[in-house]
Amino acid sequence: MAVDERWQKLGQVAELLNLDGVEFREYQFNIINAILKHGSTLVVLPTGLGKTLIGMAVISNEISEGRRALLLAPTRPLSEQHYATVMSTMKLSEDSVALLLGSVGKKQRKELEQSAKLIIATPQTIANDLKSGNFSLEDFGVAVFDECHRAVGKYAYTYIANELSVRNSLVVGLTASPGSKKEKINQLVSTLNIKHIEARISTDPDVVSYVMPKYMHVVSVPQSQTIKGIASLLRPVGEESLASLNKMGLMNAKNFERIPRGVLIALGNSLKKISAPGFRFGAFYSYIRLLNVSHAYDLLLTEGIYPFTAYMDSLSEREKKSRAVENLLANKNMVQAVALAKEAVKRGEEHEKVKYAISVLKEYGGKSAIVFVQYRSTIKMLVDIFQKNGINAMPFVGKKEGVTQEKQKKIIEDFRSGKFNVLVASSIGEEGLDIPSVDLVLFYEPIPNEIRNIQRKGRTARFRAGDVYILVARETKDEIYLHVSAAREKKMLYLINEINRDLARHAQNEGQKRL
C-alpha cells in the first residue's frame, strides 16, 4: 500500500518510519509537530490511540540527525512488545536496535549500549548501568518514557530523567493519565523537565472519529440477608474500637463504615510518633482492632462471604499475633460472624455481585472479557464459581502470588488464541502487559484511583465497540469510590489544561528575558 502523502509533510521525521498503509491521523501529526516545536512534552492520550507511533516519529527525527534514542517501558513484556513494534514499523536494522532487559548479561549489555542507535529497555536496567558507570547518555538526543506517570518518588524513571536533564535531551512522556492531583502532575512535569503538554480526550474534534464506542453500565447490587446478618455482628466491634480512638482524641469520626482506608493508614503512621509508651500501646491496640475489623467488614460487603472468611483465616493462621488481633479473633461477635459465614460458604451462598457477573458474562456468549478484581481471594472464588457455571475463565495474578513472567505470557497467549475467553485479573492486568483488546471489561468493584480506572477501561473498545460494567454494592464504600473516580477523571483534565497554561506563560517570560 502507498504512504498517505500527508505523512510526507513530516519531512525527515518520517524518514525511518514504514508508513505504508498507516492511516493518517491528524491528532498524531499535530502532536508530533508540537513536540518538535516546544521540546520536552508530556503526551496524554486515551489508550489505543497510537501513542507509540508518536514516540517512534520523534525517535526517527533524532536518529536521522545522528543522535541516539532511548525507549523505556516499565515492564519486560511491554518492552518486548515495543521492540516488536519498532522492528515492524521503523526502517532500522536488527543490529542497530537493542532490547535490554535484566536477563541480558552485563558484558553483552555494555556492547549493545555502546553500538545501538535505539535502545529499548526497562528503566531498572538502564538506571543500574548508569549508576555503575557502564553506560552513558552522552550522545542520546531523545528518551521516550512509556507509562510515564510512574516517574515519581524513587522509581527508576526519576533517576534517568535527572541524568537526561543535565544533558538537555528531549524527553517525551506517554501516558493515558498523569493523575488528578496538581502536585502529582507538577512533580511529573518537573521530574521529566517538561516544557509543554499535549492532551486529548475521546471527545476532542481531531480524536473523536478514531475512538470506538465504549458503553458504560453501572449495576447497583443489593446485599443478601445473610451478608446483612453477618455485618450486624461486625458493626459493634468496629464501633467500639472507633469510640476508643475518638475518646483518646486521635480520631473524630461518627461511622466506622465510612472511614476511607487511606485515613486509617495515615493514622497508623502518626501513632508511631507518639512518645508516651502507655498511651501509644493503648492507641495501637484500638487502631489495630479497627483496621482489621474495618477491612473484614469491607471485604464482606463489597467482595463476598468467601473473601471475608479467607481474611479471617489468614489472621488466625499468623504465627505471631498482636494482643489486639488475638482479642479480635476471640471476640464473641467475631467468632459468631465467622461461623455463620463458613456455613454460608458450605451452602454455596455468595455475594449478589457473583450472580450479576455470571449473568453479564453469559449474556456475552463466549466473547472475550476481563474481570478486574482487587483481592486474590476474590479472584480464586470467582474463577471457581465461573468454571462451575460453564464460563471458561482463568486467573491472572502477579509475581507476588508466585506466577512468573513466563507463566503470565503463556496465559496471555492462551487468552489471545481463544483457549479461554474470560481473564479474571488483579491490577497486573491494568498496564505493562500485551493484553489484547476485549469485548467486555467488568469491574467487580469500583476503584478510587483515576489512573488505574482509565487503564482498566482502556482494555476494551480499541478496535471495535466495547462495554464496561461496574458492579456497585449498595450502601457501601463502593458507592463512594464510584463517585470519587469519576470526579478525579474530570479534575485531571482541568488540571492538565491549567498546568499547560502555566508552562506556556513561563516559556513566554523566559523568551522575553532573553530578548
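The values are calculated or read from the model by the stated rules, or taken from the named source; none is laboratory data. Keep in mind that what you see is a predicted model, and the values were worked out from it rather than measured. As a convention, Cβ positions derive from the backbone with ideal geometry for all residues, glycine included, and neighbour counts pool all protein chains shown.
So here's what we get for this one:
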| quantity | calculated |
| --- | --- |
| Any hit, region 145-163, residues being of a type in the set (G, A, S) and touching a Ser or Thr at 6+ places or on another chain (Cβ under 7 Å) | yes |
| The lone exception for Q455 - which of (1) more than 18 Å from the chain's Cα centre (by Cα); (2) under 30 Å from A487 (Cα atoms); (3) not in a loop (DSSP other than H, G, I, E, B) it fails | (1) |
| Qualifying residue in region 386-397 (condition: surrounded by fewer than 23 Cβ atoms within 10 Å (Cβ to Cβ), out of contact with any Leu (no Cβ under 8 Å at 6 or more places or on another chain), among the charged types (D, E, K, R) and under 26 Å from G365 (Cβ atoms)) | yes |
| A266 vs. criteria out of contact with any helix residue (DSSP H, G or I) (no Cβ under 7 Å at 6 or more places or on another chain), part of a helix (DSSP H, G or I) and not assigned by TED's automatic domain parsing to the domain that holds E138 | yes |
| Flag for K367 being at pLDDT below 95, among the basic types (K, R) and surrounded by fewer than 20 Cβ atoms within 10 Å (Cβ to Cβ) | yes |
| Residue match in region 235-253 (condition: not hydrophobic (A, V, I, L, M, F, W, C) and not in a helix (DSSP H, G or I)) | yes |
| Neighbours by Cβ (under 9 Å, 6+ apart or cross-chain): first from region 471-485, under 21 Å from K228 (Cα atoms) and at pLDDT 90 or above; second basic (K, R) and exposed (fewer than 15 other Cβ atoms within 10 Å of the Cβ) | K477/R258; K477/R261; I480/R258 |
| Among residues of region 330-348, those that are touching a Leu at 6+ places or on another chain (Cβ under 6 Å) and either farther than 19 Å from E257 by Cα or in the same structural domain as V472 (by TED's automatic domain parsing) (or both), counted | 1 |
| Extreme residue, modelled with the lowest pLDDT, among residues of region 177-200 that are part of a loop (DSSP other than H, G, I, E, B) and not hydroxyl-bearing (S, T, Y) | G179 |
| R323 being closer than 30 Å to A357 by Cβ, out of contact with any His (no Cβ under 9 Å at 6 or more places or on another chain) and charged (D, E, K, R) | no |
| Every residue from region 86-103 that is surrounded by fewer than 16 Cβ atoms within 10 Å (Cβ to Cβ) and within 31 Å of the chain's Cα centre (by Cα) | M87, S88, G102, S103 |
| Residue satisfying all of: in region 253-289; of a type in the set (F, W, Y) and at pLDDT 90 or above; nearest to the chain's Cα centre (by Cα) among these | Y287 |
| Top-ranked residue of region 319-359 - restricted to ones that are part of a helix (DSSP H, G or I) and of a type in the set (D, E), ranked as surrounded by the most Cβ atoms within 10 Å (Cβ to Cβ) | E352 |
| Residues (hydroxyl-bearing (S, T, Y) and either within 26 Å of the chain's Cα centre (by Cα) or surrounded by fewer than 19 Cβ atoms within 10 Å (Cβ to Cβ) (or both)) located in region 23-67 | Y27, S40, T41, T47, T52, S64 |
| Considering residues of region 130-151 that are part of a loop (DSSP other than H, G, I, E, B) and in contact with a Gly (Cβ under 9 Å, 6 or more places away or on another chain) only, the residue surrounded by the most Cβ atoms within 10 Å (Cβ to Cβ) | A151 |
| Qualifying position, being among the basic types (K, R) and in contact with a strand residue (DSSP E or B) (Cβ under 9 Å, 6 or more places away or on another chain), among K388, K355 | K355 |
| From the options E80, E23, residue that is under 30 Å from I428 (Cα atoms), of a type in the set (D, E, K, R) and not in a strand (DSSP E or B) | E80 |
